[in-house]
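Please read the structure below before turning to the comments.
Laboratory data are not the source of any read-out in this text; all were calculated from the coordinates shown. Please read these numbers as outputs of a predicted model, since none were measured by experiment. Reconstructed Cβ throughout: ideal geometry from the backbone, glycine too, with neighbour counts over all protein chains shown.
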Amino acid sequence: MTEAAHHPHPRDADCIFCKIVAGQIPSRKVYEDDELFAFHDIHPWAPVHFLLIPKVHIASMAQLDDRHAAMMGRLMVLAPRLALEQGCQPYPEGGFRIVVNTGAHGAQEVQHLHVHVMGGPRPWLRG
Ligand code: AMP
């Protein structure tokens, strides 16, 4: 049996976001369920800025396959709900921006798939 089959959330020992999921590095948690975890970005670009991630270690969007479709679907459906809970204003006057940096050309710095959810009144620092 593979490591993944033994462990519901295979981790990369060197991954900072795996450590956040495991509680080994502190974070300001926004949400958690069996598959997903969300926490405030440490360097926010916008009045609301949190990261929504799969608990399982997936390096980036580039590693997704059909087995991840249901989980990623849940993630995308959850994002608007959390955005409102965290203070984003309602669509269409308010709204939010979702960004998923992927790979070097996508300016990805942390190699654990994460969805940025940003919102709140402008101007923002970036984005
Ligand atoms: P990127 O990989 O370019 O999408 O960006 C990674 C994001 O993770 C940046 O916005 C960082 O501010 C954020 N980040 C890095 N380390 C932490 C941490 N320990 N807690 C919260 N956010 C973090």
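Here are some notes:
- Using the Karplus relation 6.51 cos²θ - 1.76 cosθ + 1.60 with θ = phi - 60°, the per-residue 3J(HN,Hα) values for region 37-50 come to 9, 9, 8, 5, 5, 6, 10, x, 8, 9, x, 10, 7, 10 Hz, with x marking Gly and Pro.
- Degrees between helix 69-85 axis and first principal axis of the chain (Cα, 0 to 90, nearest 10): 30
- Taking other Cβ atoms within 10 Å as a rough exposure proxy, Arg28, Arg97 sort from fewest to most as Arg28, Arg97.
- The chain - charge dipole about Cα centre, Lys and Arg +1 at Cβ, Asp and Glu -1, debye rounded to 20: 360
- Fewest-first ordering of Arg67, Arg126 by other beta carbons within 10 Å of each residue's beta carbon gives Arg67, Arg126.
- With neighbour counts taken as other beta-carbon atoms within 10 Å, the residues Cys15, Cys88 rank, fewest first, as Cys15, Cys88.
- Among His43, His112, His57, residue whose mean-square fluctuation peaks in a GNM of the chain (springs only between Cα atoms under 10 Å): His43
- Rounded, prolate or oblate (a/c below 1.5 giving rounded, otherwise prolate when a/b exceeds b/c) for region 56-102 by Cα gyration tensor: prolate
- Candidates per GluC sites (Glu not before Pro) in region 43-127, loop by DSSP, up to 15 other Cβ within 10 Å: Glu93, Glu109
- Judged by the ratio a/c of the largest to the smallest principal axis of the C-alpha gyration tensor, region 40-127 counts as oblate, that ratio being 1.5 or greater while a/b is no larger than b/c.
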